[in-house]
1. Since PHE73 meets every condition but one in (1) modelled with pLDDT under 90; (2) more than 27 Å from ASN32 (Cβ to Cβ), which condition does it not meet?
2. If you scan the stretch 5-38, which residues turn out to be of a type in the set (Ser, Thr, Tyr) and surrounded by 11 or more Cβ atoms within 10 Å (Cβ to Cβ)?
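The values are calculated or read from the model by the stated rules, or taken from the named source; none is laboratory data. Because the structure is predicted, anything quoted here is derived from the model rather than measured. Please note: Cβ atoms are built from the backbone with ideal geometry, for glycine as well, and neighbour counts cover all protein chains shown.
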Amino acid sequence: MSSSPPAAALPYRAMLLATLGAVLFSSTFLLNRLMATTGGPWVWTAVLRYAYTALLLVGWLLVRREWGPFWLFWRGSWRIWVLWGAWVSAFSTPSLPWRHSLARPG
């Protein structure tokens, strides 16, 4: 026996999940703006966004009872994810000192 919702409820469920996702996503912008206007360092806004997203992911995986498979996957591939994250962060952060030396004179 399947526990999936009836077909008539699927559009409403999709709209509810989309609205919830939009609210949570936009709340990070509001928190970042609040921190930026009060003089907080930009690093904390990045950490906040990461922690917020990580908590949502863990919560979602726990609710769906998929934490075990995710954890096994993560244990086997965490090095590459950390490497990719560090690589992207190093080349996408505009305030690093070495990035200014690469800028064309203008």
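1. PHE73 satisfies every listed condition except (1).
2. Within the stretch 5-38, SER27, THR28 meet the criteria.
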